[in-house]
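Heads up: the structure comes next, in structure tokens.
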């Protein structure tokens, strides 16, 4: 227990055990629905040493044996200095355990309590399928005593990590148990059957020409993704962020319950999709694939964001990644175009073989106005017809499988 012969370490351990009544900074238990790992910050700041790593390994091994999810309730200052590199190497041990758990198709939910800093945030916490943070908690790789500027900064909070796309949900302390219970139910209720096509919520008649199809899709009173998701699911919970510093509020991702089935969803809301949006959708579909959840995607975008910020953030690579994830997916993906289907930014989110469209939507290689600019024409309305972008045109061309009914 004192591999470096650190002066006074044995006495520190003894005092921590007397204060907490626990043998180590981590304990675990097997419940009916999950294996729960709990950190105690009172025990040497929730730090992780070799004995702590052994307990975490026990927990993951038990979860694997019983095919159970893991819930990690984290409160830690990081690695235990009194054990030097033997402590730091526990991060590799934890990473291996998390990777094996993912490979087995078992969920992992982490709850970041106050504080969650250091290597355990960067291994056990951030690697979970869904990351829940307690409001007001200090969360960050760098603790306050090792930062260049120790003054409080929102970046090192639960809310700051949520804004940066590394946390899915921020909840109050009293909401943690109910939130985790709902997540476990959603993450474990999948099957390999296509999600049902949602009913059309808007117009039920088809547009007479291409330009009217475009106008209906752009109408401000047309039902948007939130209305479709509310109508389709009994309840749902979001995931947020691309885990690379970005969030796109125009891409709604999460898992919902429809009857007894859990279905993952990625839904555009009518705005230009940013690189963070495409990466979040890719993350959602990968998660669904590992947990054997069918996927529903709702397409509604004028196209991918095409400003300089999007280029600097790698929009082309983000779209390519999503195309690849959809192409390789081993779970069924159902797509409904509910509004604008603008070029590759819309197609990237679409199922190659199971895409449907509503009567008040369109799908096009490019928006008619942009086609006119490229072709140096001023007859936008004529171009809209020539693009064959109406729902009935797309059905005739074989681009969509059907037109959704009300």
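Listing for the model above:
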read-out	value
The lone exception for residue 367 - which of (1) modelled with pLDDT under 95; (2) touching a strand residue (DSSP E or B) at 6+ places or on another chain (Cβ under 7 Å); (3) closer than 25 Å to residue 199 by Cβ it fails	(3)
Tally of residues being buried (at least 22 other Cβ atoms within 10 Å of the Cβ) and either without any contact (Cβ under 8 Å) to a residue 40 or more places away in the chain or within 10 Å of residue 119 (Cβ to Cβ) (or both) across the stretch 81-95	3
Matching residues, the stretch 156-171, being under 20 Å from the mean Cα position of the chain (by Cα) and over 30 Å from residue 330 (Cα atoms)	157, 158, 159, 160, 161, 163, 170, 171
Filter result (touching a helix residue (DSSP H, G or I) at 6+ places or on another chain (Cβ under 6 Å), part of a helix (DSSP H, G or I) and over 10 Å from residue 389 (Cα atoms)) within the stretch 345-375	369, 371, 372
Residue match in the stretch 61-78 (condition: assigned to a loop (DSSP other than H, G, I, E, B) and over 30 Å from residue 291 (Cα atoms))	yes
Answer residue from the stretch 210-245, given it is touching a helix residue (DSSP H, G or I) at 6+ places or on another chain (Cβ under 6 Å) and more than 30 Å from residue 317 (Cα to Cα) and is surrounded by the most Cβ atoms within 10 Å (Cβ to Cβ) among those	210
Any hit, the stretch 184-202, residues being at pLDDT 95 or above, out of contact with any strand residue (DSSP E or B) (no Cβ under 9 Å at 6 or more places or on another chain), not assigned by TED's automatic domain parsing to the domain that holds residue 356 and not in a helix (DSSP H, G or I)	yes
Exclusive hit being at pLDDT 95 or above and either surrounded by fewer than 24 Cβ atoms within 10 Å (Cβ to Cβ) or within 14 Å of residue 267 (Cβ to Cβ) (or both), set 344, 339	339
Residue list for the stretch 211-235, filter: outside any loop (DSSP other than H, G, I, E, B) and in contact (Cβ under 8 Å) with a residue 40 or more places away in the chain	211, 213, 214, 216, 217, 218, 225, 226, 228, 229, 232, 235
Among the candidates 179, 166, residue that is in a helix (DSSP H, G or I) and crowded, with 16+ Cβ neighbours inside 10 Å	179
Residue in the stretch 385-406 that is nearest to residue 344 (Cα to Cα), counting only those that are touching a strand residue (DSSP E or B) at 6+ places or on another chain (Cβ under 8 Å) and part of a helix (DSSP H, G or I)	394
Of the criteria (1) under 25 Å from the mean Cα position of the chain (by Cα); (2) surrounded by fewer than 18 Cβ atoms within 10 Å (Cβ to Cβ); (3) modelled with pLDDT of 95 or more; (4) in a loop (DSSP other than H, G, I, E, B), which one residue 206 fails	(1)
Options 406, 330, 381: the member that is in contact with a helix residue (DSSP H, G or I) (Cβ under 7 Å, 6 or more places away or on another chain) and more than 29 Å from residue 317 (Cβ to Cβ)	381
Strands (runs of 3 or more DSSP E) (entirely within the stretch 249-311) containing at least 1 residues that are within 22 Å of residue 400 (Cα to Cα), touching a residue at least 60 places away in the same chain (Cβ under 8 Å) and in the same structural domain as residue 215 (by TED's automatic domain parsing)	261-268, 295-301
Test result for residue 300, modelled with pLDDT of 95 or more and buried (at least 24 other Cβ atoms within 10 Å of the Cβ)	yes
Any hit, the stretch 23-41, residues being more than 27 Å from the chain's Cα centre (by Cα) and in a helix (DSSP H, G or I)	no
Qualifying residue in the stretch 155-172 (condition: farther than 22 Å from residue 246 by Cα and free of Cβ contacts under 8 Å to residues at least 40 places away in the same chain)	yes
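The values are calculated or read from the model by the stated rules, or taken from the named source; none is laboratory data. All values reported here derive from a predicted model rather than from experimental measurement. Glycine also receives a Cβ, built like all others from the backbone with ideal geometry; neighbour counts cover every protein chain displayed.
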